[in-house]
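The values are calculated or read from the model by the stated rules, or taken from the named source; none is laboratory data. Everything numeric in this text was worked out from a predicted model, so none of it was measured. Note: ideal-geometry Cβ built from the backbone for every residue, glycine included; neighbour counts use all protein chains shown. Side chains included, ligands, DNA and RNA excluded: accessible areas come from the protein's heavy atoms. Shrake-Rupley method; radii C 1.70, N 1.55, O 1.52, S 1.80 Å.
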Number of protein chains: 2
Amino acid sequence: MSILLEATALDDYKSQMNIAKSNLPKIEHAPQTLRDIVQERMRTAIIEGHFAPGERLIERPLCDQLGVSRTVVRETIRFLEAEGLVEIIPNRGPIVALLDWDQAVQIYEIREQLEGSAAAVCAQRYSGDFAKRLGEALAALNATMDDSEWIGVMRATTRFYEIIFTESGHSIAWDIVQRLNGRISRLRVLTLSAKDRPKPGMSHMTAIFEAIISRDADAARAAVEAHILDASTTAQRFLQDETKKAAGDV
Amino acid sequence: MSILLEATALDDYKSQMNIAKSNLPKIEHAPQTLRDIVQERMRTAIIEGHFAPGERLIERPLCDQLGVSRTVVRETIRFLEAEGLVEIIPNRGPIVALLDWDQAVQIYEIREQLEGSAAAVCAQRYSGDFAKRLGEALAALNATMDDSEWIGVMRATTRFYEIIFTESGHSIAWDIVQRLNGRISRLRVLTLSAKDRPKPGMSHMTAIFEAIISRDADAARAAVEAHILDASTTAQRFLQDETKKAAGDV
DNA sequence: TATGGTATGATGGTATACCAAGATATTGGG
DNA sequence: CCCAATATCTTGGTATACCATCATACCATA
């Protein structure tokens with residue numbers, strides 16, 4: 001059964017539509033539309049690697065798998081296209097976006113700037129229970145490092161940075177970073193599941209944490225840069241191995 | 001007659017569809033789809049201010065004005081939503097995105113970093129006829145400054161930065177900057193058409209040009225930062241005036 | 001074997017119908 | 001005369017059917 005078919009929010013939505021206003025506890029009814037659900041599901045399916053890069057996304061099968069109309073699927077694809085997660089091949093239709101090393105380098109560089117700034121601003125301005133929350137996120141990240149479930153590590157990492165971006169007030173930069181992360185998700189999977197470097201990643205995150213907490217903006221930025229340099233180096237190794245292997249397979 | 005109804009590419013497309021393969025010089029047939037045309041047209045209509053911020057974008061009238069089906073319009077809106085040019089109000093539909101000063105500040109800060117980096121990289125690495133091309137772009141920009149057509153100034157400015165980003169190889173950052181510029185287009189219009197500051201803008205651009213040409217990366221970055229600081233200061237003045245006026249109107 | 005035609009499948013584009021939710025107008029009762 | 005309940009209109013969301021085009025694979029014939 002397809003990953004897209006898991007019976008969850010989509011079915012809830014549909015049954016809710018039919019039942020309509022049968023029960024009253026509809027307060028706080030977040031008007032989550034079908035599109036939102038499908039978007040979210042396809043986005044995570046791509047990011048988590050259930051679709052291979054370059055794989056075609058054929059409309060009607062997707063409709064069948066998701067149980068929604070073409071309209072919804074097409075609008076979703078349009079949205080993901082704008083996000084850079086999907087590319088449109090003229091007269092052939094959408095495919096999962098491909099990623100070459102040049103693009104990856106650019107993305108790491110942009111992340112370096114945006115994450116570095118957010119961390120620096122954070123170090124200067126944080127207040128309230130921010131330190132506590134960031135510490136908890138770091139602890140949670142540390143906990144995920146052991147069970148080596150890359151998906152958990154990725155989510156914990158995201159959570160860690162989300163706290164930083166939120167505290168710094170850089171919501172737009174956070175949007176951009178998340179979108180860029182989606183595009184290099186394949187590389188993140190590779191680096192996160194790399195057996196030979198769970199420790200360096202953790203030490204970098206700890207360094208970022210400590211620099212922010214001690215209100216050292218320059219050190220915070222430097223720590224972020226070190227973290228991303230490490231990640232990009234690891235990613236490069238994998239991507240080039242992969243490229244070589246692909247070249248050999250031909 | 002609506003801005004959207006200008007008879008141009010859209011009609012060409014449609015008649016081309018019917019004529020089909022009557023004449024052979026169809027080589028280099030850029031497969032521009034209806035969606036692409038509608039997207040481009042609506043994007044520029046929003047950016048150039050033909051739709052007011054907050055204005056509702058009602059599907060069926062748009063279909064009538066553009067002469068296309070709801071599918072095309074809806075997919076276009078989805079794309080522009082992902083671009084941040086359009087917001088969806090639950091149960092009310094899409095509106096032209098609103099912009100508050102907090103968001104604008106964030107956007108200026110991100111632009112500062114991305115444009116600064118591109119200029120710095122450019123200064124270090126430019127080659128070929130880049131200097132000549134950038135000089136021509138600067139001259140073109142200077143020429144537009146006189147006739148005070150803000151649209152021309154905006155395009156020339158975009159062209160100037162496009163050359164920088166292209167030469168630096170930062171294509172993804174350029175995408176991001178362009179998208180961000182779309183979101184603050186209203187502010188750019190205000191600042192560009194400000195009668196009291198055609199000169200400062202030009203002098204900043206000249207400073208950027210000279211710093212890059214003399215391969216001084218630090219100076220280039222500083223010049224970009226000065227330029228954006230100036231732009232954001234001007235923008236802030238306008239936006240706050242506007243806010244005050246709006247408050248007074250209530 | 002090579003050429004050309006055909007069948008198939010996928011996409012882009014269009015039209016239409018239906019229902020739900022909001023907004024507005026209307027009308028009836030106090 | 002005012003308030004409230006109802007009716008109507010508009011819009012958004014969804015689903016479905018249809019056509020034209022493009023690409024590809026297959027097949028038959030020279």
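Of the residues A:156, A:131, A:140, the single one that is in contact with a helix residue (DSSP H, G or I) (Cβ under 6 Å, 6 or more places away or on another chain) and surrounded by 19 or more Cβ atoms within 10 Å (Cβ to Cβ) is A:156. The number of residues in the stretch A:46-74 being of a type in the set (A, V, I, L, M), surrounded by 17 or more Cβ atoms within 10 Å (Cβ to Cβ) and away from DNA strand D (no atom under 13 Å from the Cβ) comes to 3.
Here's the yes/no breakdown for (1) under 16 Å from the mean Cα position of the chain (by Cα); (2) within 13 Å of DNA strand C (Cβ to nearest atom):
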position	(1), (2)
A:56	no, yes
A:61	no, yes
A:69	no, yes
A:82	yes, no
A:85	yes, no
A:101	no, no
A:105	no, no
A:114	yes, no
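Do you know which residues across the stretch B:40-76 are farther than 18 Å from residue B:184 by Cα, of a type outside the set (Gly, Ala, Ser) and either within 13 Å of chain A (Cβ to nearest Cβ) or in a loop (DSSP other than H, G, I, E, B) (or both)? Hits for the stretch B:40-76 are B:57, B:58, B:59, B:68, B:70, B:71, B:72, B:73, B:74, B:75, B:76. Residues that are closer than 20 Å to residue B:86 by Cβ and either open to solvent by less than 20 Å² (accessible area, probe 1.4 Å) or outside any helix (DSSP H, G or I) (or both) do occur in the stretch A:88-102, at least one of them.
When the stretch B:87-101 is filtered for residues that are without any contact (Cβ under 8 Å) to a residue 60 or more places away in the chain and more than 11 Å from chain A (Cβ to nearest Cβ), the ones remaining, listed by number, are B:87, B:93, B:94, B:95, B:96, B:98, B:100. When B:217, B:173 are screened for being open to solvent by less than 60 Å² (accessible area, probe 1.4 Å), within 17 Å of the chain's Cα centre (by Cα) and touching a residue at least 40 places away in the same chain (Cβ under 8 Å), only B:173 passes. Would it be correct to say that residue B:37 is within 13 Å of DNA strand C (Cβ to nearest atom), more than 9 Å from chain A (Cβ to nearest Cβ) and open to solvent by 60 Å² or more (accessible area, probe 1.4 Å)? No; evaluated as a whole, the condition is false for this residue.
For residues in the stretch A:102-147 being more than 14 Å from every other protein chain (Cβ to nearest Cβ) and of a type in the set (Ser, Thr, Tyr), which is farthest from residue B:118 (Cα to Cα)? Checked the stretch A:102-147; the qualifying residue farthest from residue B:118 (Cα to Cα) is A:144.
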